[in-house]
Amino acid sequence: MTTLPITTRFAPSPTGALHVGGARTALFAWAYAKQHGGKFIIRIEDTDQKRSSPQSTKGILQDLQWLGLNWDQGPNPDATDPYADQIGEQGPYFQSQRLDIYNKHINTLVEQGLAYEDDGAIRFRMDKDIAFTDAVYGDIKFAAADLEDFVIRKADGFPTFHLAVVVDDALMNVTHVIRGQEHLINTSKHVALLDALGFAHPTYAHTPSIMNPDGSKMSKRDKAKVARKAAKEAKLTSMGGDDDAFTEFLDKKNDDMKFTLAIARLLELELPEINVSDFRDSGYLPAALLNYIALLGWNPGDDIEQFDMAFLVEKFGLGRIGKSNSKFDRTKLRSFNTDAIGNLDSETFSKLLRKQLSDHHPQYNNLIEDSTRFAAFCAAYQPRAHTLDEVATLGHFFVADNDAIVYNENDKATKKNLLKNEGKGLKTLAEFAVELAKLEPWSGEAGHDLIKNYCDAREMNMGQVAQPLRIALSGTTVTPDMALTLDIMGKSDTLKRIERCLSTFQSQ
Ligand code: GLU
């Protein structure tokens, strides 16, 4: 007997976006194949004609590519038409293109009396006890009396998931089926079908579910949940348009994304990231996301938590997948991401941040184009960013109109640094601005030295100039390192903002 090369697959149904749970399943299957020098297949399970879509297929393939989970067989992700262009000998890898294959096996089952017609559908007889061993959940047994016959071909002529998955895993020589534990019960059907068709059993390994911190299952519905709760708190009764559908949304009768997004926009909500593309849009790095999701249900032992994919490929094993559900801990993921961002070389960070800003924040276009200022901006935020997108928020004052900076006489920091003691801070700022205006050539470093010399000469500490200056530039005392701040701001806007800040309070 020849042993088959280890072959795993990820078999998404293209009925929506790839969510983190799917990505975790794909990661485990990928890592297992890599570890054994085997093959990793992507198979698109699009037999549910109504719910499947080519856009969803494209999105899933793109997300897998972004994560770096490359496959040996399956749709060609770079093709304009992945339905037509596929890689591998055992395809096609779209179930919708395999109907003849399924029909052949269904007919065999009918001829052998193992399946029968019922109202236009074909049902498989479940009349034997079933036993199998799952690599995670152990020995699983079902008595024949507890099992029911089930449909393998629907009246529309399409096979059900159960039939298609079994035939494909067998014909594609899949040796290890790694998938979510929601399929554990289905496996009884799959094992019965394998036996009836005379196929060998692959090793099954079901992965535990991923939960929200409140114990609910993490799902795409979580976004609607957040939006619904906020809409109720804000007592929204209409979102313009279809009021009946909106009432149904509020009554949990639908989870329409249209309402979810409209509510989020109106109430400025942050929806929880669920899909891989949500995390990408928020500016998580694939390395951090993969590292974090690898720990959902698996660990390498010996307390190591942060690792790269080479480490995962070396250490991964089905034996270390736990049975209990794992909680999705966003704080931990953020901290992994902060480290991953901090560890990037500055050129890569600058490239990624540029893309993030130009894709999602057009107000940064001018800053991005000015290489000196943008280099300073990157240096200022790389060490502190939790996500790439957060940089857009933290740095917003740099790209705001000068007139949009808000100076608030009731703000605590403003009172302390500018207004108290009869406007001592304002006076210092006005006096220092005269010196700053003479600075030529302008540089952050020189600006910083000027503050230092100015303060040394007057026995002041640097904060007495720097804090009023920060408020003038940003409206707050939270800005990056002063030299970088001055580099990013540039001379003209720095002086204009100081001017405007002074006149705002002097006219009061
Ligand atoms: N198409 C199934 C799903 O998306 C895959 C099940 C399997 O991996 O066998 O849940």
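Read-outs throughout are calculated quantities, based only on the coordinates presented, and are distinct from any laboratory measurement. In this text, all values refer to a predicted model and were calculated from it rather than measured experimentally. Neighbour counts are summed over all protein chains in view; Cβ atoms, including those assigned to glycine, are modelled from backbone coordinates with ideal geometry.
Odds and ends about this structure:
- With a Förster radius of 35 Å applied to the beta-carbon distance between A234 and T476, the computed FRET efficiency rounds to 0.80.
- Put a dot 7 Å past the Cα of S216, heading toward its Cβ, do the same for R51, and the two dots end up 1.9 nm apart.
- The P(r) of region 185-302 has a tail past 26 Å containing 46 percent of all C-alpha pairs.
- Tail fraction, Cα-Cα pairs, region 399-496, threshold 22 Å, whole percent: 23
- The gain in end-to-end length when the D139 to K327 segment is fully stretched comes to 65.1 nm, 0.36 nm per residue minus the alpha carbon separation.
- You can think of it this way: the chain between M257 and R320 has 19.0 nm of extra reach, that is 0.36 nm per residue less the Cα-Cα gap.
- Using just its DSSP H runs of length 4 or more, each adding -39500 (n - 2.57), the chain gives a mean residue ellipticity at 222 nm of -14500 deg cm²/dmol after division by all residues.
- Working ranking of peptides 170-181, 93-104 by packing, defined as the average number of other Cβ atoms within 10 Å per residue, highest first, is 170-181, 93-104.
- Compared with the rule-of-thumb size 2.2 N^0.38 Å for a compact globular protein, region 175-219 has a Cα radius of gyration ratio of 1.47.
- Span from the region 206-256 Cα centroid across to the region 55-87 one, whole angstrom: 31
- Unit Cα scatterers, Debye sum, region 1-143: log10 I(q)/I(0) for q = 0.10 Å⁻¹: -0.46
- Residues with amide H under 5 Å from that of T207, placed H, sequence gap 5 or more: R179, G180, Q181
- Residues N186 and E409, FRET efficiency given R0 of 56 Å [Cβ-Cβ distance, rounded to 0.05]: 0.30
- Spin-label model distance (nm) - D345 vs S492, 7 Å beyond Cα toward Cβ: 3.5
- 25 °C / 0.890 mPa s Stokes-Einstein diffusion coefficient of the chain, Kirkwood radius on C-alpha pairs, µm²/s: 91
- Cα-based Rg / Dmax (Å) for region 58-119: 16.4, 47
- Prolate/oblate/rounded call for region 258-356, Cα gyration tensor, a/c under 1.5 rounded: oblate
- Proportion of all alpha-carbon pairs of region 295-440 beyond 21 Å (%): 65
- Listed pairs K154/K258; K58/K220; K229/K252 exceeding 21 Å between Cα atoms: K154/K258
- If R0 is 60 Å, the Cβ-Cβ spacing of I101 and A375 corresponds to a FRET efficiency of close to 0.60.
- For K141, the lysines whose Cα falls under 18 Å of its own Cα, not counting residues fewer than eight places away in the same chain, are K128, K189, K323.
- Partner lysines for K420 [C-alpha distance under 26 Å; skip if fewer than 8 residues away on the same chain]: K412, K452, K496
- With both labels modelled 7 Å from their Cα along Cα-to-Cβ, the L266 to Q363 distance reads 2.3 nm.
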